[in-house]
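The structure appears below as structure tokens.
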Amino acid sequence: MELLPRSPGEFGSSRYWDRFFRQRGQRPFEWYGAFPELCPVLHKYVRPRDKVLVVGCGNSELSEQMYDVGMCEDIVNIDISDAVISQMQERSGSTRPKMSYLLMDMLQMDFPDAHFQVVLDKGTLDALLTDEEEATIAKVDQMFAEISRVLQVGGRYLCISLAQAHVLKKAVEYFSQEGWVVRVHQVASSGDKQQFVLPVFVYVMTKFRKIPGSAPQILEICPEEQDKPMRMESAERLVAAVKDRQHYALLCSQISKTPCREQVCLDLCDKETGKPRYTLHVVDSPSVKPSRDNHFAIFIIPQGRETEWLFGTEEGRRQLAASAGFGRLLTVALHREQHYEGMAGIQAELSGKVMELAPPGLPARQQVPFLSVGGDIGVRTVRHCDTSPLSGEYVVEDVKGDGSCYFRRLIFLRNRNVVQSEARLLDPTPLPGQRKRRKDKKKPSPAEPPGAIDKSYLCCEHHKAMVAGLCLLGGPDALPGELAVLVVGLGGGSLPLFVHDYFSRARVAVVEIDPSMLEVATHWFGFSQGDRMQVHVSDGLDYVAKLAAEAPAQYDAVMFDVDSKDLTVGMSCPPPAFVEKPFLQKVKSILKPEGVFVLNLVCRDAQLKESVLATLRDIFPLLYVRRIEGEVNEILFCQPSPEGRRDPAELGARARALEGALRQPGRPWDSSYMLADVLQAVHIL
């Protein structure tokens, strides 16, 4: 500790360095990595015939090792410390006759212009640029000007650095503005215990004649695992890319020493495009008793299933890790924009990278298993991509679920982990009550999903609960007669389609603000309009306000299933304006006295949710809630009259009666609906 400077400014003092090297003696002091780690990068830019200048050489062995392996012999080393120059002259004078050590200040060098092909700096810029004070910046500018002066055109300034943001930014901006090509290499780690946790980088600045005018900047980065450079569009983006790699190194260092108290998430990006290719979650299970074979495993989530509760939520992943029986489970989600060559290809691609995230105590040469559901990576087929002015980028994709089931999904890419709408695709094997499809002459591929939509199936649990809420309608008959239903929010159209098809005398009006969603529902989810189904392209707020003014008390049921476009609010469904008191009073006014208002509420902000519930209680005297297990969704059933109150036994009886009425011969019915079971979990608020 006594060798450290009293203040950062001492790094630029010759007195400090004299004292440092006298106290340290002959022991080499290696800034930022040893020769074997630096050698692969240096070999690319240092040729045997080059004349090399090493600035701020200290007593590092780097020059000696470059000389001894034949990389280069014409090497001039300079330093401001008389003590270290004397040491190095004594150490190398007789054994390396072509290499010299000179006492010289790099800010004012005695060499002629264009004298060197390479200038090498190992930590010297970092030691000089300790802050961003005016005097410090002036010294750095002087250093860069001197390096530029003594380098030939086509020569390289190789700066080995820890790449603190202000250091990298200064170097990149200075030399790119001078018209030089700037490339940053990340130095591959040897895997041994390092002096610094942060990775080491080499800035390679190649001198070109400055072209008058605004010539395009050439900025590149070479990650440690690849030779091909990646072009960066700006100095800010280059600094950010280096920062990402530094954060990753710190993360790997941290989780290799201690278990993770919280789940860690990170993206691995495609080398060519820079887009995310894999999303990893590191999940530790303290309850798992360690043994030789259960330290670490990799779980590949099948394509398209990353949104499921087990894989897409923190609690789900925690349960997955505990049931798998490993101390650390690394879950891997695959991205829709990427192509994968099966499980073997993914394993080969990830095997080196995932070991950087291994837990402490993993035995050497331990075989780490790759796990998945059914042993494959699933099937995902993107059917349609587009951009809506209101909803942003979206995709329609087909994915394989459990067994042989396929599902079609609508996903807004601004919230890519949430399935906006989902429909089951018809299986070649018909469900009970369905007629067998004619055999096609061309046999479909096993990986090719069927194309027809199964309109009888509600994929979303909250849609099942919303349909069950129709049991709350009054009347002696199990199946209500003529119904007027207003649905705000179309999505893929599965909810209004189900109400239309199974309640044969229902007239359904749908309000959808985004015309693109009507096109998606029609072309990709089997939605169609008719005498009993009409879609109004309008803002739901405006449409309800108009109804309240012109034709109150006309609907038996009003259903809100509308998402919020503002992701900064803690409520993603519905938008906040839909649950403000004046608007909810308008909703109440368009309901018949015995009607029901059904609201899909998705709110992670506890305080905001309590405020919404309080507002609903003020307006609707009867309020039920059905929480969806494993999801944030809560379905609220609101009635304008307290006379409609029913006890759980009566609700269950009405639900069973309605279910029996909906199960008609020749009409498919999925056993998972169980409307009575849905309403058993309803609570009165």
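Numbers below:
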| quantity | calculated |
| --- | --- |
| Convex hull projection area averaged over all views, the range 461-684, Cα basis, nm² | 12.0 nm² |
| Charge context of CYS252, other residues only, Cβ under 11 angstrom, K/R +1, D/E -1 | +2 |
| Whether the range 380-425 is rounded, prolate or oblate, judged on the alpha carbon gyration tensor where a/c under 1.5 counts as rounded | prolate |
| Charge dipole (debye, nearest 20) of the range 214-331; +1 at Cβ of Lys and Arg, -1 at Cβ of Asp and Glu | 340 debye |
| Burial order of peptide ranges 352-365, 458-471 (average beta-carbon count within 10 Å, highest first) | 458-471, 352-365 |
| Positive-pole candidate from HIS335, THR273, GLY325, dipole of the range 258-371, charges at beta carbon | GLY325 |
| Rounded if a/c under 1.5, otherwise prolate or oblate - the range 605-660, Cα gyration tensor axes | oblate |
| Size of the range 560-605 as Cα extents on the principal axes (Å, biggest first) | 36, 18, 16 |
| Cα centroid separation, the range 158-192 to the range 363-425 (Å) | 39 Å |
| Among GLY345, PRO360, GLY316 - extreme Cα towards positive end, dipole of the range 258-371, charges at beta-carbon | PRO360 |
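Every read-out reported here was derived from the displayed coordinates using simple, explicitly stated rules and does not represent laboratory data. The structure displayed is predicted, hence computed values, not measured ones. Because the Cβ atoms are built from the backbone with ideal geometry, glycine has one as well, and the counts that use them run over all protein chains shown.
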